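The values are calculated or read from the model by the stated rules, or taken from the named source; none is laboratory data. None of these values were measured; they are calculated from a predicted model. Cβ placement follows ideal geometry from the backbone for every residue including glycine, while neighbour counts extend to all protein chains displayed. Surface areas here come from the heavy atoms of the whole protein model, side chains and all, with no ligands, DNA or RNA. Shrake-Rupley method; radii C 1.70, N 1.55, O 1.52, S 1.80 Å.
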Amino acid sequence: MDHRKTHSPSGYGKPPWVFRGSALYQLHLVKAETARAFIPKEFRLVEAFGYTLGGFFLANYDDSPAGKFDELVVIAGTVWNPPTSCAWAARVLVNSDEACIHGQKDIGLPSQVAKFSKTVRAIAKTSETKTSGFLNMVGMFSLDGPKNSMDVQVSEMKGMEEMNICNINFSAPASELESSGWMGPLVKLSLPSFSGRTKYNHHLLKYSCQIECRVRAVAPAKVLGPPPPAVDVDEERSCRELRRKKRSLSVSVLLSKPILALQFNRLEMKVEAPTTVCKR
């Protein structure tokens, strides 16, 4: 496939768009049949034994072109883009109207406005095992010392209607929440993704997030959500029913089996304008 640059959108100013804050990046094993409901048919899914690699990206931005806001990116799966692969977002939830419009029209993302409700509470000290003690020494986990537990309740907003999507619970040492203590090595990552084929942007697009941050492995977050109803992903339905079906399948992605969780601190993410993907 060929890639052609798109025009620089005006709402966010000139790219690259820079976002700063912190995030939790969690990888899940997602059923291939669930992921295919979101991915264009011309793409080949990266899968093995009926599963692909998806998950979610939960971010809190302290500084961005849209100011402060929260974001939950539900990653349906991974598709081939030789010689590498790219992620495909099933749903993007943000508590900023400006960020939502930018995602829909400029990046081609399935963005929706959402409400993020956060609760922090102290939890008891966790006893240290031999394994956790070793991981603590090398900086992979910090299981000793006081901890806080954070609950993030995410609800999608449609006018005055509020629809529960999920509750994400994760814990971290209190010192981490105060941006102190050891936060892992400084790393640079490139996260390529495809987007587009939405109501607001019909083009097939490709974009990349260039990330610089402190990264460390943490215990996977616990995700709770409404049980998704049984649906036939191949059945044709009305637009409203289709949206409901996609929302339910997004919840299925969030409730799938986690395999790795990474905490990004002192995050700086640069996003270039997407390019249009054309078939050769």
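Computed quantities for the displayed model
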| quantity | calculated |
| --- | --- |
| Flag for LEU249 being in contact with a Cys (Cβ under 9 Å, 6 or more places away or on another chain), closer than 26 Å to PRO40 by Cα and either modelled with pLDDT under 95 or surrounded by 14 or more Cβ atoms within 10 Å (Cβ to Cβ) (or both) | no |
| Residues (at pLDDT below 95 and farther than 21 Å from SER190 by Cα) located in the stretch 13-32 | GLY13 |
| Pick from the stretch 111-140, criterion open to solvent by less than 50 Å² (accessible area, probe 1.4 Å), not in a strand (DSSP E or B) and not hydroxyl-bearing (Ser, Thr, Tyr), ranking: modelled with the lowest pLDDT | LEU135 |
| Contacts under 7 angstrom Cβ, first residue in the stretch 182-199 being farther than 12 Å from ALA89 by Cα, partner buried (at least 18 other Cβ atoms within 10 Å of the Cβ) and basic (Lys, Arg), 6 or more apart | MET183/ARG216; GLY184/ARG216 |
| Residue ID - modelled with the lowest pLDDT, chosen from residues in the stretch 181-205 that are part of a loop (DSSP other than H, G, I, E, B) and open to solvent by 50 Å² or more (accessible area, probe 1.4 Å) | GLY181 |
| Residue in the stretch 92-105 that is of a type in the set (Ser, Thr, Tyr), surrounded by fewer than 22 Cβ atoms within 10 Å (Cβ to Cβ) and more than 27 Å from MET160 (Cα to Cα) present | no |
